[in-house]
Amino acid sequence: MLKILVIDDERSIRNTLKDILGFEGYHVELAENGKTGIGLVQSNDFDIIFCDIKMPEMDGLEVLEQIRFIKPESTVVMISGHGTIDTAVEAIKKGAFDFIEKPLDLNRLLITLRNASDKTALVKETQILKQKAGKRFEIIGDSPSIRKVLEMCDRVAPTDAKVLITGDNGTGKELIAHRLHEQSSRAENPFVEVNCAAIPSELIESELFGHEKGAFTSAIKQRKGKFEQADGGTLFLDEIGDMSLSAQAKVLRALQENIITRVGSDKPIEVNVRVFAATNKDLQKEIKNGTFREDLYHRLSVILIHVPSLDQRKEDIPVLANYFIEQLCNEYGQPLREITPEALAILAQRSWSGNIREFRNVIERLIILGGKTITEEDVANFVG
C-alpha cells in the first residue's frame, strides 16, 4: 500500500484528498502547514507527497526545497489555486514531479497519482539494484595488505586522478575500479568497461572511439565508442597491457587533450572521462620489450594500486569462505552451510594461483558436492 502525505493549509482540501485517496486504497497522512509536513517527512518514508504552494509562514516551494534536501528521492506533486506557468516551471526546476491546479480534477489527480507511483516504484527498484550491484562488487577481507589497498582507494576516489591497478588474474582488480567509481563524484554517471584483451586489434579503435557509417566494410551505421559512452563518468580499460601500439597512441592523445576522433572522421569530439586501467602484466618489462608506450604508462599511473594475491592474504580465507557460502547458498536457494575450522585450515594451506576467482569456484563446488557442514573430508574429496 502506497503511503501518501498531503500538506495543505486548507482543511477542506486535506480532507477531500484523504477521502479520495483513501477510497482508492492508499494510506494518507495530513499536515496543515509546511513545518509539520517537513517534520513528518523526516520521521517517515512517504511514497508520494502532495504539497500546496500558497501557505502561511512557509510557502510550498520552500517546503519542496527542504524535502528535496532531506530526502532527494522523494516524489513531490505541487498543487495550487493560484497557478501560473512560471510557478509550475519553477516548481519543476526545483524537483517537483508534477503540478496540479485547484480546483482539483479527479481524473487529472488519479492520472498524476498513477504516474507518480510508477516513478516511485522505479526509484525503489533502482535503489535495490544498486544495493545488489554494491554487494556484487564488495571487497571482502581485513588483512593488513587489503586494508592498505582500501585505504588508498578511499583517499584517491574523490579526486579525478587516473589510476593504474595491477595484480594477478583473479585478485579483484575490477572490484577496485568499481569501488573507486562508486566513491567518486562521478558515481551517478556511467561506468564503462572495456576488456582490451577480448577485442581483436583491428576493432579496438572502433570500440574505443566509435566509427562513422561506411568507415569500413561492416560499418553499416554510425556508432559511439566507449569514450563517448563514458562521458561524464569513468572508463575502465581492463587488460590494457594487451592493447595494440596504434590504439595506445590514440588513447594517449585522448587522455592528453580530452578529445577523440571516430574512425572514418576527422571531426574532433570533446570528452570528459576519468580513466582507470588494469593489467596483470609487468608494464615496465613490456616497455623494455617495445610492446607498451612509456608515455602512456606515465599518463595512466598517476596513482598505482597493487592488489595482493590470495596467497599474500591467507588470513582473509575464513571471512571469504563464509561470505561466499552465504552468497552462493542464497543464489541456489539452499540452507546456509557451515564450514569446520579443520576444513578452513586445509584451504589456507593451499596455493591459490587463480586467487579469489579460483577460491570462489572451490567454495561453490563444496556447497554442491559437500554435506550440510563442509568438512576436511569434503575438501580432501572434492578439492584435491
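FYI, it's all coordinate maths here, none of it is from the lab. A quick note: this is a predicted structure, and the numbers were derived from the prediction, not measured. So basically every Cβ, Gly included, is an ideal-geometry build from the backbone, and we count neighbours across all protein chains shown.
DSSP finds beta bridges in the chain, and of those with both partners inside it, around 10 percent are antiparallel. The alpha-carbon positions of segment 233-354 define a convex hull whose volume is 168 Å³ per residue.
For segment 188-260 versus segment 1-36, the spacing of their alpha-carbon centroids is 53 Å. The string of couplings for segment 272-279 from the Karplus curve (6.51, -1.76, 1.60, θ = phi - 60°) is 10, 10, 9, 10, 10, 10, 9, 7 Hz, one whole number per residue in order, with x for Gly and Pro. Gaussian network model of the chain, Cα springs within a sub-10 Å range: biggest mean-square fluctuation belongs to which of LYS226, LYS281, LYS267? Maximum among the listed residues: LYS267.
Averaging 1/r across all pairs of distinct Cα atoms in the chain and inverting the result yields a Kirkwood radius of 25.2 Å. Each Lys and Arg Cβ is given +1 and each Asp and Glu Cβ -1; about its Cα centre, segment 264-384 then shows a dipole of about 400 debye. Of the residues ALA343, GLY370, PHE359, the one whose Cα sits farthest toward the positive end of the charge dipole of segment 311-382, with +1 on the Cβ of Lys and Arg and -1 on the Cβ of Asp and Glu, is PHE359.
The phi torsions of segment 22-33, fed into the Karplus equation with coefficients 6.51, -1.76 and 1.60 and a -60° offset, translate into couplings of x, 5, 7, x, 9, 8, 10, 10, 10, 9, 8, 7 Hz, rounded to whole numbers, with Gly and Pro shown as x. A cut-off under 13 angstrom between Cβ atoms defines the neighbours of GLY210, and their net charge, with Lys, Arg +1 and Asp, Glu -1, is +3. Alpha-carbon geometry of segment 3-133: the Rg and the Dmax are 14.0, 46 Å, given in that order. When the C-alpha to C-alpha distance is required to be over 31 Å, the pairs from LYS173/LYS213; LYS119/LYS250; LYS226/LYS285 that qualify are LYS173/LYS213; LYS119/LYS250.
Remark: C-alpha extents of segment 64-196 on the principal axes read 67, 31, 25 Å, sorted largest to smallest. Amide H contacts of LEU2: HIS27, each under 5 Å away and 5 or more positions distant or on a separate chain (H built 1.01 Å from N in the peptide plane; Pro and chain starts excluded).
Length gained on full extension, GLU270 to GLN229: 13.6 nm, using 0.36 nm per residue less the C-alpha separation. Counting charges near ARG337 (Lys, Arg +1; Asp, Glu -1) among other residues having Cβ under 13 Å from its Cβ returns a value of -3. The helix-based estimate of mean residue ellipticity at 222 nm for the chain, built from -39,500 (n - 2.57) per DSSP H run of four or more residues and divided by its residue count, is -14500 deg cm²/dmol to the nearest 500. Shown in residue order for segment 46-61 are the 3J(HN,Hα) couplings computed by the Karplus curve 6.51 cos²θ - 1.76 cosθ + 1.60 at θ = phi - 60°: 9, 6, 9, 10, 9, 9, 6, 8, 8, 9, x, 6, 9, 7, x, 5 Hz (x for Gly and Pro).
Taking Lys and Arg as +1 and Asp and Glu as -1, the other residues whose beta-carbon sits under 10 Å from that of THR373 total 0.
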